[in-house]
1. Can you tell me which residue among Arg35, Arg28 is surrounded by fewer than 16 Cβ atoms within 10 Å (Cβ to Cβ), in contact with a helix residue (DSSP H, G or I) (Cβ under 6 Å, 6 or more places away or on another chain) and at pLDDT below 75?
2. Across the stretch 64-113, what is the number of residues that are aromatic (Phe, Trp, Tyr) and over 21 Å from His51 (Cα atoms)?
3. Which members of the stretch 93-110 meet the condition of being touching a Leu at 6+ places or on another chain (Cβ under 9 Å), part of a strand (DSSP E or B) and farther than 14 Å from Gly140 by Cβ?
4. Which residue pairs have Cβ atoms under 6 Å apart, sit 6 or more places apart or on different chains, and have a first residue in the stretch 81-92 that is in contact (Cβ under 8 Å) with a residue 60 or more places away in the chain and a second that is open to solvent by less than 30 Å² (accessible area, probe 1.4 Å) and part of a loop (DSSP other than H, G, I, E, B)?
5. Which of the following residues is under 23 Å from Tyr152 (Cα atoms), modelled with pLDDT of 95 or more and open to solvent by less than 50 Å² (accessible area, probe 1.4 Å): Ala95, Ala117, Ala82, Ala73?
Amino acid sequence: RTTGNWEAWSTIFSIRLRWSTSVVSGKRSSRLSFRGSMILKTSFVVRRAGHGRLIASSDNGFRSRALSPLGQAESPEVYAIALAPGCVEDAHAHAPGTYEHLVVTSGRLVVSTGADASTLEPGDSLFFRADVPHRYENPGDTETTAHLVMSYCADPRLRLGSGSGTQE
């Protein structure tokens, strides 16, 4: 990720983490504040193609564009991702209780978490725990695109177990 994009990503993560922590602990602080432009002021938001926060790897092989509005701690995060041919993106574990749901829209995508891996094609979807290191890989010779929904489950009693998944 480029420095500017990383700073933007860190800000988004920091805001979500502070908000989630205050909600879970039940201690909402008056010090937890957002600039007016960061709070959603309407219940109907259009994000036009080509707009939104863009995060890219240093070689631009992996790109992620935020589709969801910023500052909505109770909402899942939605991204359009693209991987150049041969791109491999290693992702660190997210916060405990984080899940990702991917739907491939074009190309082929290999996703792995530890011993589990699956090759996805257009229309295939995958739901997995993202609070462990994971990897996205485009094994093809054309760009791969997908939609990714990231959600958070703060209550440990509601989290899915670990281990090998199932295919339907």
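The values are calculated or read from the model by the stated rules, or taken from the named source; none is laboratory data. Treat the numbers as computed from the prediction; the structure is a model and nothing was measured. Note: ideal-geometry Cβ built from the backbone for every residue, glycine included; neighbour counts use all protein chains shown. The protein model used for the area step is the full one, side chains on, heavy atoms only, and it has no ligands, DNA or RNA in it. Shrake-Rupley method; radii C 1.70, N 1.55, O 1.52, S 1.80 Å.
1. Values: Arg35 fails: in contact with a helix residue (DSSP H, G or I) (Cβ under 6 Å, 6 or more places away or on another chain).
Residue meeting the stated conditions: Arg28.
2. Here is the first cut: in the stretch 64-113, the residues aromatic (Phe, Trp, Tyr) are 79, 99.
Those left that are additionally over 21 Å from His51 (Cα atoms): 99.
Adding up the residues that qualify gives 1.
3. Kept after step one, since they are touching a Leu at 6+ places or on another chain (Cβ under 9 Å), are these residues of the stretch 93-110: 95, 97, 99-104, 107-110.
Then drop every residue that is not part of a strand (DSSP E or B), which leaves 99-104, 109-110.
Across the stretch 93-110, the qualifying residues are Tyr99, Glu100, His101, Leu102, Val103.
4. So the pair list comes out as Leu83/Asn138.
5. Numbers: Ala95 fails: modelled with pLDDT of 95 or more; Ala117 fails: open to solvent by less than 50 Å² (accessible area, probe 1.4 Å); Ala73 fails: modelled with pLDDT of 95 or more.
Result: Ala82 is the single residue among Ala95, Ala117, Ala82, Ala73 that is under 23 Å from Tyr152 (Cα atoms), modelled with pLDDT of 95 or more and open to solvent by less than 50 Å² (accessible area, probe 1.4 Å).
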